[in-house]
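Only one structure is covered here, and it is reproduced in the block below.
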Amino acid sequence: NDTGLEAPMTRSAAAFLREQRVVPGGSMRHASWFAPHPPYAARGEGCWIIDLDGRRILDCANNFFSLAHGHAFPPIVAALTDAIAKGTAFGVPMEAEIALAETLRARNPRLEQTRFCNSGTEAVMAAIKGARGVTGRHRIAKFEGCYHGSYDHAEVSLESRPEEWDDAAGNPASIAYAKGTPPAVLADTVVLPYADADRCAAILKREGPSLAAIILDPQASKAGMVPMPAAVIAAVQQACARDGIMLIVDEVVNFRLGFGGVSPLFGLEPDFVTLGKIIGGGLPVGAVSGPAARMAVYNHAAGKPKVALGGTFSANPLTMAAGLASLAHYDEAAVARLNGLGEMLRQRVNAGLAAAGLPGRMAGAGSLFRLHPGARKIEDYRSARPLPAEAEALPRIHAAMLGAGILLTPNCSGALSTPMGEEQVVLIADTLIKATIAEFQA
Ligand code: PMP
């Protein structure tokens, strides 16, 4: 603006001011908050968000990776239109929930039985309770820095700081994420290192007999979006077999990595799988799935279940309809195509950064990606945690991307969607390379 006058306020800025009066912080999507404020969406169309100001933004955030097909995907719109005319929720079941559970089982036989709920958080909570019901124990183990939603135990050591990382014995400490976390939650949550198999095995040798569950995500975004080492997975599997611990694999995000989800890709045979995001086709969803012998813990048909897992809106017909349409169009070919585009994106960005002599690297797998602006090896939450200079650079790169019309998550990660093609991948890669070069030359 070279007029010397203040630019007129955008409609998104005005909406943000208005929302701050009635919503603390001015947005409920706190993970998507960034300065000075996010764009407000007016509508979506394929891989594009059209904001209140009419700007078209290429959407790589995809509602926290929950959209496999972008926005207003015609088959999902058609399925929802058909379902909504028939009523939105009943206190009795509908056939659609059978069909979605059958679809999951057809994709991975380990997902033999399923119960639906309304968010990934709820699924994780229910799986932990299920594991408690099966084992009669109450403690759990989780990996440092890994996100599994906001259930108290799942949230421990989500964002611990370097000065609090280790306990007196040199093991990862159980650190509260939310202020006011009950001390019992910390005492009952064992924290494991994502990339240190020996330490993992030693901790599990000591704590194993008291654990109901170990929850893991083998390609956890907050652990750098790098694969969990096979030796760590082996240590977990050994402990589970030895001490009768339930293995919960959190596939809420990473189900999208393979046709049958992520467990088969890592040779994992979970007792419980938590699902969400793309299996609901863009509507609120969560699910716990697993072998019938484990899922029996939720069976109320024979009387009182060991663990109750229900809910007013669980398996609601709109979510079921959208989920069925989402998965029907996320077949083996679609998964392979989208994963190929992700590979192309990572290669192009990494080649571009290397050619420019920059230290950054793009990690990820399948259709998921995350930019690491540093030169060090990324192998877990600690190494992935941005250094102070990087923590300043990432929001600037994010802002430069948004300025160029591409939305990433605030830590510069993203997910591709099926309406995208090579044209969009090239655009994302080249814009990101340019933004990163500009940041380092500044
Ligand atoms: N687990 C993982 C791995 C997640 O990434 C998320 C959400 N991003 C959750 C669980 C919680 O899901 P929801 O936001 O639906 O509660």
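Would you please classify the overall shape of the chain from the alpha carbon gyration tensor, given that a ≥ b ≥ c denote the square roots of the eigenvalues, rounded means a/c under 1.5, and beyond that prolate means a/b larger than b/c while oblate covers the rest?
Details: a/c = 1.65, a/b = 1.21, b/c = 1.36.
It comes out oblate by the Cα gyration axes.
Taking each residue as 0.36 nm, the span from Phe34 to Glu269 lengthens on full extension beyond its C-alpha to C-alpha distance by 80.7 nm. Counting 0.36 nm for each residue step from Arg337 to Ala442 and taking away their Cα separation leaves a gain of 34.1 nm. Between Gly374 and Arg361, the built amide H atoms are under 5 Å apart, and every one of these is 5 or more places off in sequence or on another chain.
Under the rule a/c < 1.5 gives rounded, and otherwise a/b versus b/c splits prolate from oblate, where does the range 132-268 land using the Cα gyration tensor? Judged from the Cα gyration tensor, the range 132-268 comes out rounded (a/c under 1.5).
Within the range 134-154, whose backbone N sits under 18 Å from a point 7 Å along Cα→Cβ of Lys304? Answer for the range 134-154: 134-137. Take 256-267, 96-107 and order them by the average number of nearby Cβ atoms within 10 Å per residue, most first; the result is 256-267, 96-107.
Full extension of the chain between Ala42 and Asp166 yields a length gain of 40.1 nm, computed as 0.36 nm times the residue separation minus the alpha carbon distance.
Can you tell me which of 60-72, 130-142 comes out highest on packing, and rank the rest after it, using the mean Cβ neighbours within 10 Å? The partial results should precede the final answer.
Values: 60-72: 22.7, 130-142: 20.8.
Put in order of decreasing packing, that is 60-72, 130-142.
Taking square-rooted eigenvalues a ≥ b ≥ c of the alpha carbon gyration tensor, is the range 210-317 rounded, prolate or oblate, where a/c under 1.5 means rounded and, failing that, a/b exceeding b/c means prolate? Cα axes put the range 210-317 in the oblate bin.
Cβ neighbours within 10 Å, averaged per peptide: list 146-155, 36-45, 383-392 in order, most packed at the top. Walk me through the intermediate numbers first.
On the way: 146-155: 21.4, 36-45: 15.8, 383-392: 14.2.
Top of the packing list down: 146-155, 36-45, 383-392.
Dividing the mean sequence gap of close Cα pairs (under 8 Å, 6+ apart) by how many residues the chain holds gives a relative contact order of 20 percent.
Taking every DSSP beta bridge that has both residues in the chain, what percent is antiparallel when rounded to the nearest 5? Here the antiparallel bridges make up roughly 60 percent for the chain.
The numbers here are math on the coordinates, done by the rules we state, and not lab data. The shown structure was predicted, so the numbers you read here are calculated from the model rather than taken from an experiment. FYI the Cβ positions are ideal-geometry reconstructions off the backbone, even for glycines, and counts take in every protein chain you see.
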